[in-house]
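Submitted below is the structure of interest, expressed as structure tokens.
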Amino acid sequence: MPVAKNVLFKQVDFLGKYTCDNDYDLIISQRFLINLMEWPLQQKVLLDLMSKLKPGGKLLMLEGSRQGVDSLNELRRAWALDPIPIKWHNLFLDDGLLISFMQQNGYGLVEQDGLGTYFMLTRGIRPTLDADVNWDCDFNRLAALPGMRDLLGFKTAFSRLKLFVFQR
């Protein structure tokens, strides 16, 4: 089902049998791998995804980060706030293990980024100012402004979600 010239979206069951081309320029995984509850299963799917890329192709991943959760919760503890747990149905990725695994399989890390400023402001500072947290508020909209993360500089620190771009 093409939606634009040279763009094709496919729904694939990576845990079952499937057929898929293996000449993609770009594959995007958004909060997908974290729902696979075992690192070996996440590795299997990563290998499947990587095998679908043509030489020079990129795998763009926006996934949960164990280190991001830990640093945010450390900040929250310093301000006497309860930690924010990872949901029972998620297995957030260990940044170092992910990068090492990808490099061992021939993929270089092209970019790593995050939403650290947003999470620090909305999950760290705001709850200290207002115990009645409403996520649909002006404070959160301000924290989400594009220039805000560059202004404060927290990109990957405190970021529960991180962007990883790997290239074949």
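Taken together, the values in this text are just the output of simple stated rules run on the coordinates, not laboratory data. The shown structure was predicted, so the numbers you read here are calculated from the model rather than taken from an experiment. Neighbour counts are summed over all protein chains in view; Cβ atoms, including those assigned to glycine, are modelled from backbone coordinates with ideal geometry.
Check which residues have an amide H placed less than 5 Å from L161's amide H, if you skip close sequence neighbours.
Those lying under 5 Å, H to H, from L161 are S65, L115.
Taking only Cα atoms and a 10 Å spring cutoff, compute GNM fluctuations for the chain and point out the largest among G116, G64, G56.
G56
While we're here: Given a 10 angstrom Cα cut-off, can you work out which residue in Q104, Q112, Q67 is the most mobile in a GNM of the chain?
Among Q104, Q112, Q67, the largest mean-square fluctuation in the Gaussian network model of the chain belongs to Q104.
Now for a different question. 222 nm [θ] for the chain, helices only, -39500 (n - 2.57) per DSSP H run of 4+, per residue, to 500?
The per-residue figure over the chain is -9000 deg cm²/dmol.
Compute the acute angle (0 to 90°) between the alpha-carbon long axis of helix 66-78 and the principal axis of greatest extent of the alpha-carbon atoms of the chain; round to the nearest 10°.
0 degrees
Another question about this same structure. Take S65, S71, S29, S100 and order them by how many other Cβ atoms sit within 10 Å, fewest up front.
S100, S29, S71, S65
Let me ask something else. Which residues among the range 128-168 fall inside the zone where the amide N is under 18 Å from a point 7 Å beyond the Cα of A78, along Cα→Cβ?
Only 128-129, 152-160 pass the distance filter.
Listing M120, M37 from the residue with the fewest other Cβ atoms within 10 Å to the one with the most, what is the order?
Fewest to most other Cβ atoms nearby, the residues stand as M37, M120.
Mind telling me which of T128, T156, T117 comes out most flexible in a GNM of the chain, alpha-carbon contacts under 10 Å?
Its mean-square fluctuation being the largest, the pick is T128.
Putting +1 on Lys and Arg Cβ atoms and -1 on Asp and Glu Cβ atoms, find which of L33, L49, L62 reaches farthest to the positive end of the dipole of the chain.
Comparing the listed Cα positions along the dipole, L49 ranks first.
What's the magnitude of the charge dipole for the range 37-79 around its Cα centre, counting Lys and Arg as +1 and Asp and Glu as -1 at the beta-carbon? Answer in Debye, nearest 20.
Charge dipole, the range 37-79, about its Cα centre: 160 debye, nearest 20.
To the nearest 20 debye, what charge dipole does the range 59-129 have about its Cα centre, counting +1 at the Cβ of each Lys and Arg and -1 at the Cβ of each Asp and Glu?
Its charge dipole is roughly 320 debye.
If you take the Cα atoms of the range 2-167, find Rg, then find the Kirkwood Rh from the mean of 1/r over all pairs, what is Rg/Rh?
1.02
By count of other Cβ within 10 Å, fewest leading, how are R123, R77 ordered?
R77, R123
What does the charge dipole of the chain about its Cα centre add up to, to the nearest 20 debye, if the Cβ of each Lys and Arg holds +1 and the Cβ of each Asp and Glu holds -1?
260 debye
In the structure displayed, which of K10/K58; K17/K54; K17/K58; K17/K44; K87/K155; K44/K87 lie more than 19 Å apart, Cα to Cα?
K17/K54; K17/K58; K87/K155; K44/K87
Still on this model: Evaluate Rg over Rh across the range 97-168, taking Cα atoms for both radii and Kirkwood's formula for Rh.
Reported Rg/Rh, Kirkwood definition of Rh: 1.13.
What is the spin-label model distance, in nm, from S51 to I28 if the labels are put 7 Å beyond Cα along the C-beta direction?
2.5 nm
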